[in-house]
Amino acid sequence: MADITESPEWTALAEHHAAIAGRHLRELFAEDPDRADRMTVTAGDLYLDYSKHRVTGETLTLLAALAERAGLRARIEAMFGGEHINVSEDRAVLHTALRLPPGEALTVDGQDVAADVHAVLDKMAGFAGRVRSGEWTGSTGKRITTVVNIGIGGSDLGPAMAYEALHDFADAGVSCRFVSNIDPADILGKLAGLDPEQTLFVVSSKTFGTLETLTNAKVARRWLTERLGDDAVARHFVAVSTNAERVAEFGIDTANMFGFWDWVGGRYSFDGAIGLSLMIAIGGEAFREMLAGFREVDEHFRSAPFEANMPVLMGLLGVWYTDFFGAQTRAVLPYSQRLSRFPAYLQQLTMESNGKSVRADGAPVIAQTGAIFWGEPGTNGQHAFYQLLHQGTRLVPADFIGFAEPFEDREGMHDLLTANMLAQSSALAFGKTAEEIAADGTPAAVVPHKVMPGNRPSSTLLAPKLTPKTLGSLVALYEHIVFVEGTIWGIDSFDQWGVELGKVMAMDLAPALTSPEPPSEAPDPSTGALVRRYRELRGR
Ligand code: F6P
């Protein structure tokens, strides 16, 4: 496998970067005023304006050539077709199968994947319907009003983000809470005020071996059984997992288990069974609309030519800034309070996927890989960190995400929200020159402080309304952006070996913290000293 940085396409981009890096977006727009109309693309309900990027038509051609060199077309087909592109785990990568339309066939490794997916979706919808209608009750016959999802990482962030985004669609009087951290403050805070008779726990874990989830689930089980007795577990606990044996070991009836498969990565899983809590809240129909939104972007990704392909363009722009401009981070700025967990969700999706420094074949990566994703909803971010975005020394490409229609409005707030989004992306791109500031009557000594350099790139994504369908499309968009970037870098975006060592070490260290014996050997002197200090503080 040749390193992409050694390709003529990479060299051409490096040369092109040297030629245009000094050019300002003001100049690019002055030379090519039509770019605002031309540099847009639509995928389903999503509309992307990418004209405020530091690119010309030539840049886009060169980036598309890089994608061809990396074999992106064939890779896309390999993913959709179920080839084992997760090489380090020898697995297919088939989250796109979770949203296959009914009637479309897909057999992978001899397994009828499409039938499996629809069987689970039907089982979920049946169960969600029974909980929503009150047919499924708790052990004392009362209806369920709160679902507590216990999971972490992909078994938490997806459904938690989506529930927050879509809670206007929660129309059956069932609300959700999400417990993830092994900090007792999380579960105790979430259990506070709940009526055990009306609470359903969904224990979500792909492996059913994750310390945080199993520990929280034990705390929840004790909380329940102390109040309602051991027999209550059957009516108040269900599981989502790929591991039936461990689910049964924990004491959950596998008849109340919702399965998925090793070809769905945890961070790519909430459109399948991991979305059970969400489905209970919003209903099977809204959940299926969300899947249709995913599917629309899947189909667009698979069929649109690179120059009109939203995930391809955004992925290539990610590579452009990461590798040629040296940008370290990417801000995600939803102008929607309901998307407040979207940046956190994207952190796992993007950084667990593309935070790699070896290629799929084990050789070191020469390029820079995954950017650090972060963000907050606008306008809160404006009053916190936007100062650095506008005038700091770092280049931070940003994704603005907005919606035309609010769910409810007061005092024209939604228009003000949108006006702020548009103002910020414009100010970032075009700034304000010293001459313009001086012309406003600003004293000369203050002028440099007020100069807004501009030339700070951003994408703007605009959709009609934050619905289940739009959310599905938005998530699929970022899933495929990750895929495009990972393909260019030649990495395996679907494993996560980097999280394993810390997990093992924590299990080794735990006894040293609790034992009454003198501290045993620590992995390093610093950690040893901290263990001793911790034990002193705890009187051990
Ligand atoms: O943090 C590592 C990780 O394996 C994630 O990839 C995953 O989403 C999370 O832990 C939870 O894993 P599980 O669903 O198996 O409990």
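The values are calculated or read from the model by the stated rules, or taken from the named source; none is laboratory data. Given the structure is predicted, the values throughout are model-derived calculations rather than measurements. Ideal geometry is used to build each Cβ from the backbone, glycine not excepted, and the neighbour counts take in all protein chains shown. Only protein heavy atoms, including side chains, enter the accessible area calculation; ligands, DNA and RNA are left aside. Shrake-Rupley method; radii C 1.70, N 1.55, O 1.52, S 1.80 Å.
Some observations on this one:
- Near Gly502: Cβ cut-off under 14 Å, other residues only, Lys/Arg at +1 and Asp/Glu at -1. The net charge is -4.
- Local net charge near Thr418, Cβ-Cβ under 12 Å (Lys/Arg +1, Asp/Glu -1): -3
- Cross-link reach is defined here as a Cα-Cα straight distance under 28 Å, omitting same-chain residues fewer than 8 places apart; for Lys123 the lysines meeting it are Lys142, Lys190, Lys206, Lys218, Lys469.
- Å² per residue, accessible surface of the chain at 1.4 Å: 42
- In the chain, Cα pairs under 8 Å separated by at least six residues give a relative contact order of 19 percent.
- Counting charges near Gln348 (Lys, Arg +1; Asp, Glu -1) among other residues having Cβ under 10 Å from its Cβ returns a value of -1.
- In the chain, the longest principal axis of the Cα atoms and the axis of helix 211-228 are about 40 degrees apart.
- Theoretical FRET efficiency, 1/(1+(r/R0)^6), r = Cβ-Cβ of Arg538 and Ser340, R0 30 Å, to 0.05: 0.25
- Amide H partners (placed H, <5 Å) of Cys176, local residues excluded: Val147
- Rounded to whole Hz, the Karplus (6.51, -1.76, 1.60) HN-Hα couplings of the stretch 121-126, x for glycine and proline: 4, 5, 5, 4, 5, x
- Computed over the stretch 95-287, the ratio Rg/Rh where both radii use C-alpha atoms and Rh is Kirkwood: 0.95
- For the stretch 498-538, a simple Cβ point-charge model (Lys and Arg +1, Asp and Glu -1, everything else neutral) yields a dipole of about 220 debye relative to the Cα centre.
- For the stretch 151-164, 3J(HN,Hα) computed residue by residue from phi via the Karplus equation (6.51, -1.76, 1.60; θ = phi - 60°) reads x, 8, x, x, 8, 9, 4, x, x, 5, 4, 6, 5, 4 Hz, glycine and proline entered as x.
- Kirkwood's formula applied to the C-alpha pairs of the chain gives a hydrodynamic radius of 25.2 angstrom.
- Here the relative contact order of the stretch 132-185, from alpha carbon pairs under 8 Å that lie six or more residues apart, stands at 45 percent.
- Classified by the C-alpha gyration tensor, the stretch 498-538 has a prolate form. Its axis ratio a/c, with a ≥ b ≥ c, is 1.5 or above, and a/b is larger than b/c.
- Hits among aspartates and glutamates - C-alpha to C-alpha of Lys432 under 14 Å, sequence gap 8 or more where chains match: Glu27, Asp440
- Relative to the longest principal axis of the Cα atoms of the chain, the long axis of helix 500-514 lies at roughly 50 degrees.
- Amide H contacts of Phe373 (H built 1.01 Å from N, in plane; Pro and chain starts excluded): Arg330 sit under 5 Å, all sequence-distant by 5 or more or on other chains.
- Apportionment of accessible area to carbon and sulfur, the chain, percent (1.4 Å): 53
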